[in-house]
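Sharing a structure here in structure tokens format.
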Amino acid sequence: MAMMTFMSEKDNYMTLYLEECAKDSITMQAEGGYPDEICGILLGREVDGRRVIHNTMPIENAFDEGEQYHRFLITPEAMFKAERLARYDRMDVLGIYHSHPDAPAQPSEYDRDHAAWTAWSYIIVSVERGHLTNLRAWKLREDRSIFDEEAIIMAVEANR
């Protein structure tokens, strides 16, 4: 049985607080979508430098069907819907998540080239043979040269 990893081994990293219900939602979608990549939006709040993911919004992968095993696409319409949902729930869009089927939970060059915002968190999950084995978070540097890993701390559901 594969072990699930949640934190970086780096000494200098940012921290992302992930509520259990958000992790469970990502896990169910990633395992159910295997062997294709899945994707979605991270919803939460950032207060006093503390970024907490309260919920997710699963998004249908809009990439060409034959390429979904290694690519994902979130349409502008889906992004607009996520923004409205976040506003309705008094939250913000804080990033996106996607899976890497049978591949490491680390950003690819394609991920870097297509990352929308440097302020967002990017959760990538590794799914091996249909089971989530690793969940890691990343933040793109301002100069877009590389992703830095964020530590993930599982958070108890906070008052919203």
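The values are calculated or read from the model by the stated rules, or taken from the named source; none is laboratory data. Fair warning: this is a prediction, and the values are worked out from it, not measured in the lab. Heads up, the Cβs are rebuilt from the backbone with ideal geometry, glycines too, and the neighbour counts pull from every protein chain shown. The area values use the complete protein model at the heavy-atom level, side chains included, leaving out ligands, DNA and RNA. Shrake-Rupley method; radii C 1.70, N 1.55, O 1.52, S 1.80 Å.
Strands (runs of 3 or more DSSP E) wholly in segment 96-160 with at least 3 residues that are within 18 Å of PRO58 (Cβ to Cβ) - which ones? Walk me through how you get there before you give the answer.
Working: elements: 121-128, 131-140, 147-155.
Hits in segment 96-160: 121-128, 131-140.
Further question: Going through ASP48, ASP92 one at a time, which residue ends up being open to solvent by 70 Å² or more (accessible area, probe 1.4 Å), within 15 Å of the chain's Cα centre (by Cα) and either closer than 23 Å to MET154 by Cβ or free of Cβ contacts under 8 Å to residues at least 12 places away in the same chain (or both)?
ASP92
I've got another one for you. What do you reckon, is ALA22 in a helix (DSSP H, G or I), buried (at least 20 other Cβ atoms within 10 Å of the Cβ) and touching a strand residue (DSSP E or B) at 6+ places or on another chain (Cβ under 6 Å)?
Yes.
Report, by residue number, each residue of segment 95-134 that is crowded, with 21+ Cβ neighbours inside 10 Å, under 22 Å from GLY49 (Cα atoms) and not β-branched (Val, Ile, Thr).
GLY95, TYR97, SER121, TYR122
Now a separate question. So, of the residues in segment 135-157 that are open to solvent by 10 Å² or more (accessible area, probe 1.4 Å) and of a type in the set (A, V, I, L, M), which turns out to be farthest from the chain's Cα centre (by Cα)?
Of everything passing the filter in segment 135-157, VAL156 is farthest from the chain's Cα centre (by Cα).
Among the residues that make up segment 65-81, is at least one of them hydrophobic (A, V, I, L, M, F, W, C), in a loop (DSSP other than H, G, I, E, B) and touching a residue at least 60 places away in the same chain (Cβ under 8 Å)?
Scanning segment 65-81 turns up no residue that is hydrophobic (A, V, I, L, M, F, W, C), in a loop (DSSP other than H, G, I, E, B) and touching a residue at least 60 places away in the same chain (Cβ under 8 Å).
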